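Novice: Once you've had a glance at the structure underneath, I'll fire off some questions.
The values are calculated or read from the model by the stated rules, or taken from the named source; none is laboratory data. Only a predicted model underlies this, so the values are computations on that prediction, with no experimental measurement involved. Here the Cβ positions follow ideal geometry from the backbone for every residue, glycine too, while neighbour counts run over all protein chains shown. These area figures cover heavy atoms from the full protein model, side chains too; ligands, DNA and RNA do not enter into them. Shrake-Rupley method; radii C 1.70, N 1.55, O 1.52, S 1.80 Å.
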Amino acid sequence: MTDAVDASASTERRSFAPDGTSYRIPDQAESAAGMATLRAAAEAHRRRGGKVVAVQGLGFVGSAVAAAIASARDAAGHPLYFVIGVDLATPQSYWKIGKMNDGLVAIPSPDQELTALIHEAACIAKNLVATADSSAYDLADTIVVDLPLDVVERFAESEQHIAVRLEPFEAALRIIGERMRPDALVLIETTVPIGVCERVALPILKEARAARGIQSPLLLAHAYERVMPGPNYVASIKRFWRTYSGIDAASATAARRFLESFVETERYPLQELSNTVSSELAKVLENSYRAVNIAFIHEWTLLAEQIGVNLFEVVNSIRVRKGTHDNMRFPGFGVGGYCLTKDSLLAQWSATTLFKTDISLRMTLDALRVNNTMPLHTLDLAREAAGGDLTKPLVVAGVSYLAEVADTRNTPSEILADALVAANARFVTTDPYLKLWVERPELAFTDSLEEALREAVGIIFTVPHKRYRALRPDDLFELAPRLEYVVDAFDILDDATAAGLHAHGVRVIGVGKGHWRTLGYQQ
């Protein structure tokens with residue numbers, strides 16, 4: 001049940017979504033009644049010839065994956081699966097269950113296909129239900145694991161300081177082992193350290209099954225996701241390449257058949273690797289490669305700014321070399337999100353802790369450190385534009401880590417905001433896709449750009465939201481009549497807008513835009 005926020009109305013346990021809606025966490029009797037209804041629906045689906053899937057974890061990946069699986073249809077147009085999303089009955093998590101059961105996306109998304117899929121499955125076809133009851137696992141033919149698995153500290157100074165939070169992941173697997181059907185497939189989509197499927201997941205599941213007297217072989221596979229929150233959210237699940245592997249041939253076969261049922265494999269063929277160690281390495285290598293590419297361009301950004309070169313123009317001219325150079329990155333504000341900020345650390349942790357090697361992924365880890373400091377360069381530009389005085393009203397426009405997405409996980413804006421606090425700057429943060437900044441509730445925040453800019457002397461644009469890209473000089477002068485300087489950290493302002501601002505006395509400076517220095521826009 002969804003209720004309006006009322007802090008004084010009840011002492012019942014509640015879970016608050018980022019958009020402010022409140023969900024009452026059911027008591028034990030209500031949970032039991034809800035599970036009885038869910039069980040009856042799942043068993044009715046199985047009697048009709050369908051199968052049941054449980055998705056463990058309803059975050060950015062799990063909720064979208066559950067919707068994509070629920071959309072799979074047989075030749076007659078009937079749902080292939082009854083899908084059960086499972087998360088925790090805690091104030092931090094239960095709202096995701098409430099949103100799904102209301103037929104709503106957990107986090108606002110620009111992808112209307114995801115909105116439609118969840119509504120269709122939860123409210124019309126009624127083959128998508130969410131619960132906090134772990135007994136749902138004993139209904140499932142396939143259990144998809146989409147839990148967060150994080151490092152303790154993303155700013156680890158050395159290989160020896162890297163630590164991984166495995167305990168919640170291990171506990172979740174143990175619950176599956178204690179509940180799962182003997183012939184069920186466990187498919188791990190979570191990004192895990194290399195070797196975790198064989199050396200952590202497999203022993204836990206086997207031990208829990210053995211305690212129940214289950215001696216049949218376990219079906220365990222790994223198929224990492226490439227989910228991309230944004231306008232192509234669903235496409236990144238259903239219409240994109242997937243890599244998978246199994247602990248044995250039977251597990252790999254079961255994983256392939258399951259993936260083929262909801263991924264458009266005729267256009268996007270599956271890639272099978274020989275073992276789970278290989279597919280685990282593939283995921284962290286893939287993201288580490290991208291992180292290194294981003295770090296590489298940052299030092300060239302600094303050079304281009306100092307010598308008056310427009311690096312965006314230069315990179316565009318290089319990217320015409322398709323197949324070799326078309327993935328060269330552009331200058332930017334920083335790296336955020338769940339994956340690129342930690343996956344290299346997972347790889348090094350495995351090399352050191354699980355496999356006991358002396359291998360140091362030095363270039364990879366150095367790139368991670370560079371990316372962690374990138375937002376501080378934007379702070380340096382802001383100081384320059386402000387003439388060293390950051391005590392006048394300043395706006396950080398953009399809090400999410402990705403354009404058009406309400407996702408603040410490890411956003412580079414967090415690094416910038418912390419540095420601004422340390423510098424005693426006077427600032428407010430804003431983002432059109434958020435109602436609050438969960439990780440930094442102590443900071444001044446508004447979702448209204450108009451409110452944020454009313455007294456602003458300076459603006460730092462950090463996220464290329466369409467709302468910001470559409471702004472022109474007259475818009476900014478109207479919204480911020482006291483405006484003195486603008487910092488463009490992510491290629492948000494075009495040259496015409498920058499020229500228009502400077503023509504009216506506003507100092508303009510940008511990451512990777514050395515040509516603005518040549519034109520004297522920062523003065």
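Novice: Rounded to whole Å and sorted largest first, what semi-axes of the equivalent ellipsoid does the C-alpha gyration tensor of the stretch 361-408 yield via the square root of 5 times each eigenvalue?
Specialist: Result for the stretch 361-408: semi-axes of 26, 19, 6 Å.
Novice: Tell me, what HN-Hα J-couplings in whole Hz come from the Karplus equation 6.51 cos²θ - 1.76 cosθ + 1.60 at θ = phi - 60° for each residue of the stretch 168-173, using x for Gly and Pro?
Specialist: x, 5, 5, 5, 5, 5
Novice: Using a 1.4 angstrom probe on the protein heavy atoms only, line up Met363, Met328, Met100 by accessible area, largest first.
Specialist: Putting Met363, Met328, Met100 in descending order of accessible area: Met363, Met328, Met100.
Novice: I need to check one value: relative contact order of the chain, counting alpha carbon pairs closer than 8 Å and at least 6 residues apart, in percent.
Specialist: 11 percent
Novice: I've got another one for you. Which far-off residues, 5 or more places away or on another chain, put their amide H under 5 Å from the one on Phe82, with H placed in the peptide plane?
Specialist: Under 5 Å from the amide H of Phe82 lie the amide H atoms of Lys51, Val52, Val53, each far enough along the sequence or on another chain.
Novice: Another one. Considering all projection directions equally, how large on average is the shadow of the alpha-carbon convex hull of the stretch 244-344, in square nanometres?
Specialist: 8.7 nm²
Novice: If you take the C-alpha gyration tensor of the stretch 419-523, multiply each eigenvalue by 5 and take the square root, what semi-axes do you get, largest first, in whole Å?
Specialist: Semi-axes, largest first: 23, 15, 13 Å.
Novice: Also, I was wondering about something else. Can you work out the accessible area per residue across the stretch 98-195, with the rest of the protein chains kept in place, probe 1.4 Å, in square angstrom?
Specialist: Heavy-atom accessible area per residue stands at 38 Å².
Novice: Restricting to bridges with both residues inside the chain, how much of the DSSP beta-bridge set is antiparallel, in percent to the nearest 5?
Specialist: 20 percent
Novice: Sorted from largest down, what three extents in whole angstroms do the Cα atoms of the stretch 118-239 have along their principal axes?
Specialist: Dimensions of the stretch 118-239 along the principal axes of its Cα atoms: 52, 47, 25 Å.
Novice: Starting from the Cα of Asp27, step 7 Å along the direction of its Cβ; do the same at Arg482; then give the gap between the two resulting points in nm.
Specialist: Taking the two extended label points, one gets 5.3 nm.
Novice: Mind grabbing the base-10 log of I(q)/I(0) for the chain at q = 0.07, 0.11 Å⁻¹? Debye formula, identical points on the C-alpha positions, no solvent, two decimal places.
Specialist: Listed by q, the Debye log ratios stand at -0.43, -1.02.
Novice: Over the stretch 259-321, with every protein chain in place, what whole percent of the accessible area is carbon and sulfur at 1.4 Å, could you tell me?
Specialist: Accessible surface attributable to carbon and sulfur in the stretch 259-321 totals 55 percent.
Novice: With every protein chain present, what accessible area does Ser135 have (1.4 Å probe, heavy atoms only), rounded to the nearest 10 Å²?
Specialist: 10 Å²
Novice: In what sequence, largest accessible area first, do Val309, Val486 appear using a 1.4 Å probe?
Specialist: My answer, sorted largest first, is Val309, Val486.
Novice: Please figure out what share of the DSSP beta bridges in the stretch 1-113 is antiparallel and state it in percent, rounded to the nearest 5.
Specialist: The antiparallel proportion sits near 50 percent.
Novice: Please report the Cα spread of the stretch 13-62 along all three principal axes, rounded to whole Å, starting with the longest.
Specialist: 40, 30, 15
Novice: Separate question: Please compute the Kirkwood hydrodynamic radius of the stretch 182-323 from all pairs of different C-alpha atoms, in Å with one decimal.
Specialist: Computed over Cα pairs of the stretch 182-323, the Kirkwood hydrodynamic radius comes out at 17.8 Å.
Novice: Can you tell me the Rg and the Dmax, both Å, for the Cα atoms in the stretch 89-179?
Specialist: Here Rg and the maximum Cα pair distance are 16.9, 52 Å.
Novice: Just to confirm the filter: which chymotrypsin sites (Phe, Trp or Tyr not before Pro) across the stretch 142-235 are DSSP coil and have at most 15 other Cβ within 10 angstrom of their Cβ?
Specialist: Phe155
Novice: Through the Karplus equation 6.51 cos²θ - 1.76 cosθ + 1.60, θ set to phi - 60°, convert the phi angles of the stretch 86-92 into ³J(HN,Hα) values in whole Hz; use x for Gly and Pro.
Specialist: Coupling constants for the stretch 86-92: 10, 9, 9, 8, 10, x, 7 Hz.
Novice: Which value, in Å², gives the accessible area per residue of the stretch 269-351 when a 1.4 Å probe is used on the protein heavy atoms?
Specialist: Accessible area per residue: 45 Å².
Novice: Hey, another quick one. Tell me what the chain gives for mean residue ellipticity at 222 nm when only DSSP H runs of n ≥ 4 count, each as -39,500 (n - 2.57), the sum divided by the residue total, rounded to 500 deg cm²/dmol.
Specialist: -11500 deg cm²/dmol
Novice: Here's another thing I want to ask about it. If the stretch 1-122 were replaced by its equivalent ellipsoid, with semi-axes equal to the square roots of 5 times the Cα gyration tensor eigenvalues, what would those be, largest first, whole Å?
Specialist: 27, 18, 10
Novice: Let me ask something else. When N counts the residues of the stretch 78-128, how does its alpha-carbon radius of gyration compare numerically with 2.2 N^0.38 Å, as a ratio?
Specialist: Relative to the rule-of-thumb radius for its length, the stretch 78-128 sits at 1.15.
Novice: Taking each pair of distinct Cα atoms in the stretch 317-390 once, what is the resulting Kirkwood hydrodynamic radius in Å?
Specialist: Radius from the Kirkwood sum: 15.3 Å.
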